[in-house]
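Here is the structure we will look at, set down as structure tokens.
Every number here is computed from the coordinates shown, using simple stated rules; none is lab data. Every value quoted in this text rests on a predicted model; they were computed, and no experiment measured them. Every residue, glycine as well, gets a Cβ built from its backbone with ideal geometry; the counts of neighbours run over all protein chains shown.
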Amino acid sequence: MSTKEIPNRIRIRSTQDVRHYLKTYPFKGLTDFFIEYESRNRLLPKDEVYKRMQSTIKIMKESIEKGKTKANITPSGLINGGCDTFMKNTPDTVSLLGDWFNAVISNTLAVSELNACMGRIVASPTAGACGVMPGAFLTICEKFEIPEERQIQSLFIAGGIGELIQINASLSGSQHGCQAEVGSASAITASAIVSLFEISLDKIENAAAMALANLLGLVCDPVAGLVEFPCVNRNIAGSVNAIASAQMALAGLTSPIPFDEVVCAMKQIGDDLPASLKETSRGGLATTPTGLRIQRKVRNVDSENM
Amino acid sequence: MAIFDIIGPVMIGPSSSHTAGANRIGYMAALCYGKPFHSVEIKLYNSFASTGFGHGTDQAIVAGLLGFKMDDERIPYAFEIAKERSLAYNFRKSYKRDHHPNEVRIVFHRGSAHSFLIRGVSIGAGKAKITQVQEDNVSFGGDHAVLLLNYKDITGMIGFIGGILGKHQVNVAYMQTSRNALKGTAMAMLKLDEECPNDAIVELKNHSDMHRVISIRKLNNEY
């Protein structure tokens, strides 16, 4: 380990930069690097950075519970108690992959629906994709009874991976489509899950690369412009994809295209996507006959209310 | 942007731009205005106007004006609370291409003669910028403490302002000035590393050619 003094401002653009910092300066590992990164760039002491993540994870856990307390229903009717129905029906339904798989679905639904109903959530990285991290990562933490300290460490790593996406592309559906929201959420969640078991930058990077590559090209076409359908269900796709990608990376599979290049590909695809598929509701599911009918219904309610 | 913008912010859903960002505009606008008010006119532009209702943009802005932040669970009840606190509000919509997709114009009223205009835009990920205060074009989010000064365009004003801030140990990170005409009205927007102390604000206000002093605290490390 080097004894060179850590610079006041840490700048990263790629996983190579992260490796360079880890080699050159005396960081105590990947988590410590990202805590220092946040502390130095935000001018906040390290213990406050840590405490803030502690309170963030607490709210993330609460959002699962709150999303399950009652049937979540939105004025548009697009969210209509899905999580509640799912939990009521699963005991009497064939269980395809067991209770934990169903827990991933119900936890993801709970948080995504809570968000649609103006509940309190942690945008991770965005509100539209807020179900993925709690749904996949926190469910795995519960299954393996992971200590809170380890959970927090993993969230810092996920945040760092997300920061690289944010720096090189974007996390916004209106800029780069749903791949930037649910795709990024899935990638950072995959990296968080891997780091619960192995803090290896190679494996973390591979998990994120595979997860993001799987969702490249995903468009943002919300019906009636609402963060409801297909957003909530796409969070489930993000959760399941994150777990599969993490499992593959932990088993030693690698992405032929490195993470940094997958992020650049996402940006390029996002730039090439037509505006109609970037959160404008002028294409895709939003302009199907049923999508348009729902939009007319929602807008009529709108003009009565405002 | 940094890690707590990725794992965060903690916010009331459903949309970081249309709910959290809208709330931030209302919150910053009320800080900017800095006085009690009884009535506000709110104009929503473009995307805020077309999909605002489904995203609670309207409730989020009123909540911000009431001093509730983006993680406050009272946001969905903002209209009821505004009523309890006798805050009157009305919404209008405007679709104009020369305006930002997520823009809000807020006019504060206190009594019949007095009105005060603030404009803001939501720029994504729960972040927002104030772009206009009365006639002055500005640009600030919550990353720094901000000082907005409006004064007569005469020689020595910048030196006067700098002198007072220096005396009170306030470091200026950025500064921008403009004026509407030679010897007309000038404005300065200063971004500061720490909030301007009260004594300094009083001294600035005491200058006979100073028309208006607005001081806003840093919001960066709050939601």
Only Lys, Arg (+1) and Asp, Glu (-1) charged, at Cβ; the protein assembly as shown dipole about Cα centre in debye:
1320
The helix A:148-168 Cα axis meets the longest alpha-carbon principal axis of chain A at an angle in degrees, between 0 and 90 and rounded to 10, of 80
Arrange A:221, A:99 by Cβ neighbour counts within 10 Å, fewest through most, would you?
A:99, A:221
Could you tell me how many degrees, from 0 to 90 and to the nearest 10, lie between the Cα long axis of helix A:184-197 and the main elongation axis, the longest principal axis, of the Cα atoms of chain A?
50
Modelled label-to-label distance, residue A:143 and residue B:73, 7 Å Cα→beta-carbon offset: nm?
3.0
Spatially proximal aspartates and glutamates relative to residue B:152 (Cα-Cα < 13 Å; intrachain offsets below 8 disregarded)
B:209
Taking every residue in A:271-280, how many Cβ atoms of other protein chains lie within 10 Å of its Cβ, on average?
1
Charge context of residue A:270, other residues only, Cβ under 13 angstrom, K/R +1, D/E -1
-2
By count of other Cβ within 10 Å, fewest leading, how are A:264, B:196 ordered?
A:264, B:196
Cα-Cα longer than 24 Å, checked against B:83/B:218; B:43/B:129; A:61/B:69; A:66/B:93; A:267/A:297; A:23/A:203, kept in input order, equals B:83/B:218; A:66/B:93; A:267/A:297
How far is helix B:157-167 tilted off the main Cα axis of chain B, in degrees rounded to 10, range 0 to 90?
80
Residue mean of other protein chain beta carbons inside 10 Å, B:55-68
1
Mind checking the alpha-carbon convex hull of chain A and giving the volume per residue in Å³?
142
Determine the dipole magnitude for chain B: charges of +1 sit on the beta-carbon of Lys and Arg, -1 on that of Asp and Glu, nothing else is charged, the reference point is the Cα centre, and the result goes in debye to the nearest 20.
620
So, counting K/R as plus one and D/E as minus one, what does the shell of residues with Cβ under 14 Å around residue B:131 add up to?
+2
How high is the relative contact order of chain B, in percent, with contacts defined as C-alpha pairs under 8 Å that are six or more residues apart?
21
Taking neighbour counts of Cβ atoms within 10 Å as a proxy for exposure, in what order, fewest first, do B:168, B:38, B:55 appear?
B:38, B:168, B:55
Once exposed loop GluC sites (Glu not before Pro) are cut out (DSSP; at most 15 other Cβ, 10 Å), longest piece of chain B
B:1-72
